[in-house]
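The values are calculated or read from the model by the stated rules, or taken from the named source; none is laboratory data. Just so you know, these numbers come straight off a predicted model, no measurement behind them. Methodologically, a virtual Cβ is constructed for each residue, glycine included, from the backbone with ideal geometry; neighbour enumeration extends over all protein chains shown. Side chains included, ligands, DNA and RNA excluded: accessible areas come from the protein's heavy atoms. Shrake-Rupley method; radii C 1.70, N 1.55, O 1.52, S 1.80 Å.
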Amino acid sequence: MSAPEATAVRAEDAFDVAALHTWLAERVPGLSEPPEVRQFSGGASNLTYLLRYPDRDLILRRPPSGTKAASAHDMGREFLVQERLRPHYRYVPRMVARCADPDVIGSDFYVMERVAGTILRGDLPEGTSLSPDQAKRLSTTAFDCLIELHQVDPEAAGLTGIGKGAGYVGRQVAGWSRRFVNARTDNVSDFAAVMAWLDANQPADVATTVIHNDFRLDNLVLDPSGSGTIVGVLDWEMATLGDPLMDLGGALAYWVQADDDEVMRASRRQPSHLPGMLTRAQIVEHYCARTGRSAENWPFYEVFGLFRLAVIAQQIYYRYHHGQTTNPAFKDFWKMINYLDFRCRKVAGLE
């Protein structure tokens, strides 16, 4: 197991390091010289950089260039959510500084402390392994971490203003449907049947809690000792107040298991397929047993999670399709988007 790879900064994502250092050194004592800057290759939305100073590592987050959804990539909101949540949820990184002036590096950004540890990507690094018992414990611990987040009191954390209250499920169905229509390219399915099914089958909100909205193994930092203890949760870009079962459905859209079909297995970005890892059904059962919530309407949450994943991928692919990014990782996203239309229809009983 290893830390996520930090590589040379892509030309399209470069910024003025000297200007950044001047701004940051005025706010953080002891930064005597400009940092070495590397870019993390993981992730497909906001850009994340490693700022390597002689005596410390910091992390910088900024939005990508090009057209983006109006509500996405809000650095101020992402900073605020983490700053207020940290005293109530031990896994949030410590915030350092926030800049709303685009003249510094060409966009707004924020800086936080780096959480040292291991992040699991698609496959375990060569020479490492997880026993079935370790895999089971890790997957259980991960979703216990999500359950713990859903138990945070939004009012106590000062986060009541980040959501819109009741009606979250309906807003999400309408909102993600609208985003898909706006970002659709001519080489992907229209998802018309899926959007109609979601609209007709949406349940009422089961609760309003703090939700992460992008909960995956590769957004979790594990203790570097190898104990499997989670020490950090990253990427709070889409955090809000909403229905916790919608959050779980979104998380399980990424949870590829060993008996999934070939196309689904090819999309895997976390080692959720390893022997011993809980299956999606077992995770839902565990979550409901711990929270007292019902899985009666689970097909809706599963379809929504898959559809939302398709829309996120489509919004990213739209930028590539229209030449707003040259990142080759996005080239074939359209193929997976078409597959997700099929998978949504299958789970919904439309196939």
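In this label model, A295 and R52 are separated by 4.4 nm, measuring between points 7 Å along each Cα→Cβ vector. Computed from phi, the 3J(HN,Hα) profile of the stretch 162-167 under the Karplus parametrisation 6.51, -1.76, 1.60 (θ = phi - 60°) reads 8, x, 10, x, 4, x Hz, with x in place of Gly and Pro.
Separation of the stretch 104-128 from the stretch 207-247 is 14 Å, based on Cα centroids. The GNM of the chain, with springs linking C-alpha atoms under 10 angstrom apart, assigns the highest mean-square fluctuation among D133, D205, D235 to D133. Once the chain from T140 to T160 is taken as fully extended at 0.36 nm per residue, the excess over their C-alpha distance is 4.3 nm.
Highest GNM mean-square fluctuation among A18, A135, A183, for the chain modelled with Cα contacts below 10 Å: A18. Solvent-accessible area of the chain (1.4 angstrom probe, protein heavy atoms only): carbon and sulfur portion equals 49 percent.
Determine the relative contact order of the stretch 207-311: mean sequence separation of Cα pairs under 8 Å and six or more apart, normalised by residue count, in whole percent. Numbers along the way, then the final one.
Values: 129 pairs, mean separation 29.0, N = 105.
After rounding, I find 28 percent.
Evaluated with a Cβ-only charge set (Lys, Arg +1; Asp, Glu -1), the stretch 237-292 carries a dipole of roughly 160 debye about its Cα centre, given to the nearest 20. Here the stretch 279-322 and the stretch 168-195 have alpha carbon centers that stand 15 Å from each other.
Solvent-accessible area per residue in the stretch 158-213 equals 45 Å², computed with a 1.4 angstrom probe and all protein chains kept. Here's the picture: a label point sits 7 Å out from the Cα of R171 along the beta-carbon direction, and within the stretch 206-237 the residues with their amide nitrogen under 17 Å of it are 206-214, 237.
Think of a 1.4 Å ball rolled over the protein heavy atoms: the stretch 276-351 then has 46 Å² of accessible area per residue.
The charge dipole of the stretch 101-254, taken about the Cα centre with unit charges on the Cβ atoms of Lys, Arg (+1) and Asp, Glu (-1), comes to about 380 debye, rounded to the nearest 20. 3J(HN,Hα) couplings calculated from phi for the stretch 99-105 with the Karplus curve 6.51 cos²θ - 1.76 cosθ + 1.60 (θ = phi - 60°) are, in sequence order, 10, 9, 8, x, 6, 6, 10 Hz; Gly and Pro show x.
For the stretch 185-249, averaging the sequence separation of C-alpha pairs within contact (under 8 Å, six or more residues apart) and dividing by the residue count gives a relative contact order of 38 percent.
Can you sort D108, D101, D186 by 1.4 Å-probe accessible area, starting with the largest? If you can, show how the numbers build up before the last one.
Working: D108 40, D101 65, D186 135 Å².
Listed by decreasing accessible area, they come as D186, D101, D108.
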